[in-house]
Amino acid sequence: MAIYKVSYVVAGDPHPGAILNQSRRPELGEVVRLGMRDFKIIDVFDLVPARGEFVYVHVTCRPLQPGEQS
């Protein structure tokens with residue numbers, strides 16, 4: 001089973017983002033909780049080719065807007 005090492009960068013917000021290990025790849029349009037806030041994923045791409053069981057992924061997200069589902 002692959003381990004996804006995911007770098008989350010938040011666009012347009014002072015949130016510092018995060019680096020997390022996950023058991024599945026994040027998908028465009030999903031909502032992710034970082035700390036106490038929800039963010040919508042707007043971009044996903046591989047940083048480097050997979051190395052053994054590790055997959056390195058970069059995600060850009062934005063704050064969830066009022067009225068958007070979390």
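The values are calculated or read from the model by the stated rules, or taken from the named source; none is laboratory data. Since the model is a prediction, treat every value here as computed from it, not as a measurement. Cβ: placed from backbone, ideal geometry, glycine included. Neighbour counts: every protein chain shown. Side chains included, ligands, DNA and RNA excluded: accessible areas come from the protein's heavy atoms. Shrake-Rupley method; radii C 1.70, N 1.55, O 1.52, S 1.80 Å.
Both radii are taken from the alpha-carbon atoms of region 15-70; with Rh as the Kirkwood radius, Rg/Rh is 0.99.
Ranking Val32, Gly12, Phe45 by Cα position along the charge dipole of region 6-53, where only Lys, Arg, Asp and Glu carry charges on their C-beta atoms, puts Val32 farthest toward the positive end.
Over all other residues within a Cβ to Cβ distance under 15 Å of Glu53, the charged ones net out to +3, with Lys and Arg as +1 and Asp and Glu as -1.
Each Lys and Arg Cβ is given +1 and each Asp and Glu Cβ -1; about its Cα centre, the chain then shows a dipole of about 160 debye. Counting Lys and Arg as +1 and Asp and Glu as -1 over every other residue whose Cβ lies under 11 Å from the Cβ of Met1, the net charge comes to 0. Local charge for Phe39 was computed over the other residues whose Cβ lies under 14 Å away, with Lys and Arg +1 and Asp and Glu -1, and equals -2.
What the chain shows is 65 Å² of accessible area per residue, with the surface traced by a 1.4 Å probe over protein heavy atoms. Estimated at 0.36 nm per residue, the fully extended path between Tyr56 and Val9 surpasses their Cα-Cα distance by 15.5 nm.
Across region 18-33, coupling constants 3J(HN,Hα) worked out from phi with the 6.51/-1.76/1.60 Karplus curve, θ = phi - 60°, read 6, 10, 10, 8, 9, 8, 9, 6, x, 10, 4, x, 5, 9, 10, 9 Hz, and Gly and Pro carry x.
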